[in-house]
Each structure stands twice: as C-alpha cells, then as structure tokens.
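Data block below; observations after.
The values are calculated or read from the model by the stated rules, or taken from the named source; none is laboratory data. Since the model is a prediction, treat every value here as computed from it, not as a measurement. Every residue, glycine as well, gets a Cβ built from its backbone with ideal geometry; the counts of neighbours run over all protein chains shown. Note: areas computed on protein heavy atoms with side chains; ligands, DNA, RNA excluded. Shrake-Rupley method; radii C 1.70, N 1.55, O 1.52, S 1.80 Å.
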Amino acid sequence: MRKALRWLLAFTVLIGMVSTAHAATAAQPEAADIKDRLLSIPGVSLIQEKPYPGYRYFVLNFTQPVDHRDPAKGTFQQRITVLHKDVSRPTVFYTGGYSVSTNPGRREPTQIVDGNQVSMEYRFFTPSRPEPADWSKLDIWQAASDQHRIFTALKAIYPKNWISTGGSKGGMTATYYERFYPRDMDGVVAYVAPNDVVNDEDSAYDRFFAKVGTKECRDRLNAVQREALVRREPLEKRYTEYAATEGLTFDTIGGLDRAYEAVVLDYVWGFWQYSLLSDCDSIPADAKSATDDEIWTSIDTISGFSAYADQGLAAYTPYYYQAGTQLGAPTIRFPHIERRYIRYGYQPPRNFVPRDIPMRFQQFAMGDVDAWVRHHARHMLFVYGQNDPWGAEPFRLGPGSKDSYVFTAPGMNHGANVAGLVADEKALATARILEWAGVAPAAVKADAAQAKPLARFDAKLDVRDVEREPALRP
C-alpha cells in the first residue's frame, strides 16, 4: 500500500512538472523577427528590405570606426547586405572587394551549403567612404578588421559555421581576412585571387601571354592591338570626338593620349580575362585590312574607351590606391609591337589616382600574406582559371598548410568556379566546403564523389557570370 502511495505521489509530481514546463514554454514570447534581431545590433540601421522567395533580404548600414586602432578618430557607415535563410543554417561571408550589389544574389558557396549570406562593401568605395577621407586608413588590415567586427556582431544571430569567400579582389580580401583573423571563419573559398608577392617581378605574365590559348588566337589579338597604335592619329581623332560627346576628361591620367594608349595596351589582357578561346572568332582575322571602325569597335568592346577617363577612374580610385600602396600591379612586355609605337607602356597605379591623394608602396605587405598562406593555411580553397591572366601569379600552399587546396579550372577565365573544375576536383572541393560548413551529409563524408550543392540552382539568384570590371582590375 505504501509503495502504491509513493508511486501515486511521484506520478502526480511528474505530471505537475510536465504541466509546469508546458505552461512555461507556452508563456515564452515568439522568437523575434530576424529584421528586429538585426536592427537590435548597435550601429546597424535599415536601408531597404527586398522580398525574394524563400529568403529575407536586407540592405543595411553598419557603423565602423575609420581607424580600428583608434576608434576615437570617428566612424563611417559601411553598407552590408544579408540574405537570410535560417539561423540554423551556415553563413557565407562574401565580398567582391569593391562596391556591394543591393539586389539579392547568392554566391557559389552559399548555394553549395544552402545557407545565409552576408555581403560587405569594401571600405572607401562609395557610399562606404569616410568624410573627409583619410586614405592612409585604406589598407588590408583595416578592411579585415571591418569584416571581423561584422562577423562578431552577427555571430550571435547566426551561430553555425561560417565560410568566407570572394572573387578576384574579393578572393584576395577573403585571404587577407583569414591571415589577420584566422579564428573567425571555418573555411575560405577564394576565387581567381592574384598574389603579387614581388611587385617588380612580373615575368610570369609574359610567360602566360606567350602560351595562352592558341597561336592563331594570340596572333589575331596581337595584330589588332598593334594596329590600334599604328593608326593612333585617326583613332585618337575619333577618341577626341567621342570624349567630347560623352563629356569625358583626362586630368588624372594626364591627357587623352595617355588614356588612349592605356586602353589599347589593356586589350589582350582584357580579352583573356573576360572571354573564352571560342570568342576569338569575333576578333578581326586580318588587322591590317580591317577598317578603322572595326579596330575601334574591337578595342572598345574589350577594353572600353571610357576606362581611363576621370569619370571611369573615379569609381575605382580605392582599388588603384591599394594597388599602388600594398597589392601591387602587373607590368607586361609587348614583343609584338615595335618600341616606336609605345610611348608610356603599362602605367603605374599612381597615374590613376588624383595627385592630391598621397601614396607610398609597402614592399612587404604581400610577402607577409604569401608566407602566412604557405605556413598556416587551414581550410582554404583557391580556384583559378586556366586562361585568366590574373592566375599567372597565384597563391601556393606550403609545408605548413593543412586541409587546403589550389585548383585550376581548364579553359576558364576570370569567372572560374568550383562548377568548372574537372570532376574529381569538383567533387573534392564541394565535399570540403560542405564539411567546413558543418553540413556534409553522411554519404559525402564517406565518399567525396557524392558531393553536390545542397540548394537547387536558381537562375535569378545564383550568380555564375564573371563580375566584369574594366580590364586590368582584378
């Protein structure tokens, strides 16, 4: 009888505990809306929310210190975007290294892991520029610190694994971020990231242009480039008329003649950066017999005659400043063009930045990053395109790197991606990304060949084309 009473009492207590727990759970307020959670972060403000099926998409301002070493020196508003799927999914941190798009878009790693995506506008690209602008605060450590503060603020909302990524200058940015804050990310996917370790040694580019594609294609491109300089006088007359019509000026570079040569010398580089070998059919087959209009059109289509006007340079001043202070810039030779036709050669970044902005090159900035990758890289994937000039000086792994990879997509240009790799490398890269993100299915853990993106391809949301910038900007 006593056992029966003790059992009844215990059962009553248990029922009471369950009922109390249920009541407590029911009394809890519903989880805060993701917009409210984001806007509750100090320094975050809403610019715009745009709808997209299956996601919430926000364009935000994030208050950043101008100088992370001395926050008292003031702040500026940096644009970021958040493509929100679910706080239980991993998050991809993307930057292109330039301005940020304010339209919903999903980068390749985001599709692979079926996750959220945070995108950052690089400091000093308008409107994310301090006023007045202290250009000495535009460097790779300050930019990495921007990312670190954003990650730190959002990690409480998105607690699962994070992967950083970017293409070209964005791939460089993701690498520098990992170098300075190696504990933030669970993995890095850097696409077509140049690595100019020694700024004055650029022979790798000359070797690249001597063998890229086919001889027939190289000969066509070289002939058109040479012919544009041979016909400099009539084509510069057309350029003068074009500039007057478009309202273009050339104060920064130092005149229309300098701008003309810079555009022409970008031509071969620009073709291989953005085109495929199959596009050679669009290049005039016989440059000497081509009309002025055919030469002009081919150069303008690939290089863009507005690129070195003040109006074309202004948007990229932050890039050229960094190229001339830390990143480095390529210089190549033109053995197919007689010296009498080339007046300036490949001009340095200093010529593309207004003279009232001081610049001084830091010789060892890139060497430091390169050495760190070789000795400390962990969970890093570098993807290059076989026919992309920027891949002539790639990142390489060393004896200290772990679970890291460098792959090259055959026949691809500056838009190379994991999807363009050969089958076994594609599977391995996809499997590692899934593993780093903490979402690799059991089948993938057992066999990398089973790896594939977790989210279906979305023609509007997934960006697959190369992010086209004027030639000779990564």
Practice task
Could you tell me whether ASP458 is in contact (Cβ under 8 Å) with a residue 40 or more places away in the chain and among the acidic types (Asp, Glu)?
Solution key: yes
Handout entry: Selection status of TRP372, within 24 Å of the chain's Cα centre (by Cα) and in contact (Cβ under 8 Å) with a residue 12 or more places away in the chain
Key = yes
Practice task
Inspect the stretch 56-63 for any residue being part of a helix (DSSP H, G or I), farther than 16 Å from ASP146 by Cα and aliphatic (A, V, I, L, M) and give the result as yes or no.
Solution key: no
Completion exercise
Looking across the stretch 413-441 at residues that are part of a loop (DSSP other than H, G, I, E, B) and more than 17 Å from the chain's Cα centre (by Cα), the single one that is surrounded by the fewest Cβ atoms within 10 Å (Cβ to Cβ) is VAL422
Completion exercise
Selection over the stretch 442-458 where residues are part of a helix (DSSP H, G or I) and in contact with a helix residue (DSSP H, G or I) (Cβ under 6 Å, 6 or more places away or on another chain) yields a count of 5
Completion exercise
Taking the stretch 363-397 and the residues there that are open to solvent by 40 Å² or more (accessible area, probe 1.4 Å) and in contact with a Ser or Thr (Cβ under 6 Å, 6 or more places away or on another chain), the one that is farthest from ARG258 (Cα to Cα) would be LEU397
Exercise for the section: Determine, yes or no, whether SER306 is of a type in the set (Ser, Thr, Tyr), under 26 Å from VAL230 (Cα atoms), part of a helix (DSSP H, G or I) and in contact with a Pro (Cβ under 9 Å, 6 or more places away or on another chain). Expected result: no
Handout entry: Where PRO127 falls short, out of the listed (1) under 30 Å from LYS452 (Cα atoms); (2) within 20 Å of the chain's Cα centre (by Cα); (3) surrounded by fewer than 19 Cβ atoms within 10 Å (Cβ to Cβ)
Key = (1)
Handout entry: Residue, farthest from the chain's Cα centre (by Cα), within the stretch 143-178, restricted to residues that are assigned to a helix (DSSP H, G or I) and of a type in the set (Gly, Ala, Ser)
Key = ALA153
Completion exercise
When the stretch 260-274 is checked residue by residue, the ones that are under 20 Å from the mean Cα position of the chain (by Cα), touching a residue at least 60 places away in the same chain (Cβ under 8 Å) and under 16 Å from ASP219 (Cα atoms) are TRP269, GLY270, TRP272
Problem - Matching entry among SER282, SER278 (being more than 28 Å from LYS237 (Cβ to Cβ) and open to solvent by 10 Å² or more (accessible area, probe 1.4 Å)) - result: SER278
Exercise for the section: For the stretch 309-327, enumerate the residues that are assigned to a helix (DSSP H, G or I) and of a type in the set (A, V, I, L, M). Expected result: LEU313, ALA314, ALA315, ALA323, LEU327
Practice task
Look through the stretch 130-150, keep the residues that are out of contact with any Phe, Trp or Tyr (no Cβ under 7 Å at 6 or more places or on another chain) and open to solvent by 10 Å² or more (accessible area, probe 1.4 Å), and return whichever of them is nearest to HIS84 (Cα to Cα).
Solution key: ARG149
Handout entry: The listed residue being modelled with pLDDT of 95 or more, of a type outside the set (D, E, K, R) and farther than 30 Å from GLU201 by Cβ, out of ALA329, ALA314
Key = ALA314
Problem - From LEU248, LEU256, residue being open to solvent by 10 Å² or more (accessible area, probe 1.4 Å), under 26 Å from TYR122 (Cβ atoms) and over 26 Å from the mean Cα position of the chain (by Cα) - result: LEU248
Practice task
Look through ALA190, ALA228 and report the one residue that is open to solvent by less than 20 Å² (accessible area, probe 1.4 Å) and farther than 26 Å from THR325 by Cα.
Solution key: ALA228
Practice task
Determine whether ASN222 is of a type outside the set (D, E, K, R), under 23 Å from ASN413 (Cα atoms), touching a residue at least 40 places away in the same chain (Cβ under 8 Å) and surrounded by fewer than 20 Cβ atoms within 10 Å (Cβ to Cβ).
Solution key: yes
Handout entry: Selected residue (criterion: surrounded by the fewest Cβ atoms within 10 Å (Cβ to Cβ)) from residues of the stretch 50-66 that are closer than 17 Å to SER40 by Cα and among the β-branched types (Val, Ile, Thr)
Key = THR63
Exercise for the section: Return a yes/no flag: does the stretch 177-184 have any residue that is in contact with a strand residue (DSSP E or B) (Cβ under 9 Å, 6 or more places away or on another chain) and closer than 30 Å to ARG350 by Cβ. Expected result: yes
Exercise for the section: State whether the residues of the stretch 67-74 include one that is over 30 Å from ASP139 (Cβ atoms), buried (at least 17 other Cβ atoms within 10 Å of the Cβ), out of contact with any Leu (no Cβ under 6 Å at 6 or more places or on another chain) and at pLDDT 95 or above. Expected result: no
Handout entry: Residue that is more than 22 Å from TYR176 (Cβ to Cβ), crowded, with 20+ Cβ neighbours inside 10 Å and in contact with a helix residue (DSSP H, G or I) (Cβ under 9 Å, 6 or more places away or on another chain), where the choices are ALA307, ALA323, ALA329
Key = ALA307
Exercise for the section: Determine if the stretch 189-208 includes at least one residue that is outside any loop (DSSP other than H, G, I, E, B), touching a Lys or Arg at 6+ places or on another chain (Cβ under 6 Å) and closer than 18 Å to ASN387 by Cα. Expected result: yes
